[in-house]
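Asker: Encoded as structure tokens, here's the structure I'll be asking about.
Read-outs throughout are calculated quantities, based only on the coordinates presented, and are distinct from any laboratory measurement. Being a predicted model, the structure only gives us computed values, none of them experimental. Here the Cβ positions follow ideal geometry from the backbone for every residue, glycine too, while neighbour counts run over all protein chains shown.
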Ligand code: GAR
């Protein structure tokens with residue numbers, strides 16, 4: 001696999017910036033070919049433009065999944081993207097998209113999957129009363145937050161945590177493990193056995 005990344009965002013974009021920083025610091029051998037936001041007002045989009053990256057808004061509002069996904073696929077192919085990285089991309093991808101980029105879509109999720117998939121994972125963890133939570137870098141398959149797990153990091157949940165304080169502790173780990181997971185996948189130094197991603 002060559003190393004051109006297509007990054008999909010919906011909001012703040014701190015994971016995208018962590019990827020960009022890892023590339024800048026030569027911890028990750030990759031190139032950001034395009035950043036696409038499905039929300040026009042996403043702060044991450046402005047951050048990408050400020051860094052001089054190829055960045056675009058592709059509004060998803062009002063479009064059905066297949067129509068929107070086809071537009072996304074077209075833009076990603078135009079930019080000759082090898083690996084699609086979801087970074088706070090808050091829209092479900094349809095089967096057509098997932099088949100188009102088979103085992104070439106990654107996501108970062110703020111819980112230790114399979115616990116607390118879906119929205120507000122940090123809030124779900126607090127409500128459930130778990131003593132540890134964390135984050136998961138994984139391949140994207142059909143089915144919410146369901147693909148093979150590449151790496152995880154755990155953090156403690158403290159007695160006085162709020163969703164905000166827990167999110168901040170988890171986010172720090174997201175920024176560390178996501179670029180590493182991307183590096184592993186780009187290197188091809190792994191195999192997938194069933195659901196297990198095994199580094200070579
Ligand atoms: C991150 O915590 C990411 O794990 C989460 O959204 C946040 C985006 O922050 N993603 C999900 O919940 C996906 N199911 P960012 O825009 O600053 O990277």
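Asker: Determine, at each q value in 0.16, 0.24, 0.26 (inverse angstroms), the log₁₀ of I(q)/I(0) that the Debye formula gives when each Cα of region 1-45 is one equal point scatterer.
Answerer: Here log10 of I(q) over I(0) equals -0.42, -0.82, -0.91.
Asker: Can you give me the distance in nm between label points at residue 103 and residue 46, each placed 7 Å from the Cα along the Cα-to-Cβ direction?
Answerer: So the label points at residue 103 and residue 46 sit 4.1 nm apart.
Asker: Still on this structure, please answer the following. Residue 131 to residue 31: extension gain in nm, 0.36 nm per residue of separation minus the Cα-Cα distance? Each step should come with its number before you reach the end.
Answerer: Details: separation 100, 0.36 × 100 = 36.00 nm, distance 3.76 nm.
Using 0.36 nm per residue and subtracting the Cα-Cα distance, I get 32.2 nm.
Asker: Okay, moving on. Which order do peptides 132-140, 114-122 fall in by mean Cβ count within 10 Å, highest first? Walk me through the intermediate numbers first.
Answerer: Details: 132-140: 23.8, 114-122: 16.3.
So the peptides 132-140, 114-122, ranked by packing, come out 132-140, 114-122.
Asker: May I ask you to sort 164, 100 by Cβ crowding, counting other Cβ atoms within 10 Å and putting the fewest first?
Answerer: Ranked by crowding around the Cβ, least crowded first: 164, 100.
Asker: Quote the Stokes-Einstein diffusion coefficient, in whole µm² s⁻¹, for region 80-200, based on the Kirkwood radius over alpha carbon pairs, a temperature of 37 °C and a viscosity of 0.692 mPa s.
Answerer: Numbers: Rh = 14.8 Å.
My calculation gives 222 µm²/s for D.
Asker: Given the C-alpha centroids of region 154-200 and region 71-107, what is the distance between them in whole angstrom?
Answerer: Going from one Cα centre to the other spans 20 Å.
Asker: Taking R0 as 30 Å, what's the FRET efficiency between residue 158 and residue 120 from their Cβ-Cβ distance, rounded to 0.05?
Answerer: In this case the efficiency is close to 0.95.
Asker: Over region 1-98, what lengths in whole Å, largest first, do the semi-axes of the equivalent ellipsoid take, defined as the square roots of 5 times the eigenvalues of the alpha-carbon gyration tensor? Walk me through the numbers on the way to the answer.
Answerer: On the way: eigenvalues 91, 49, 22 Å².
For region 1-98, the ellipsoid semi-axes come out as 21, 16, 11 Å.
Asker: What nm value, rounded to one decimal, do you get for the distance between residue 92 and residue 165 when each label is placed 7 Å out toward the C-beta?
Answerer: Once both label points are built, they end up 3.5 nm from each other.
Asker: What percent does the relative contact order of the chain come to when contacts are Cα pairs within less than 8 Å and at least six residues apart? Before the final figure, lay out each step's value.
Answerer: Details: 383 pairs, mean separation 39.9, N = 200.
Reported relative contact order: 20 percent.
Asker: Could you work out how much longer the chain between residue 144 and residue 176 gets when fully extended? Use 0.36 nm per residue separation minus the Cα distance between them, nm to one decimal.
Answerer: Details: separation 32, 0.36 × 32 = 11.52 nm, distance 2.30 nm.
Between residue 144 and residue 176, full extension yields an extra 9.2 nm.
Asker: Using only the Cα atoms, work out Rg/Rh for region 103-154, with Rh taken as the Kirkwood radius, to two decimals. Show your work: numbers first, answer last.
Answerer: Numbers: Rg = 10.7 Å, Rh = 11.0 Å.
Checking Rg against Rh, the ratio lands at 0.97.
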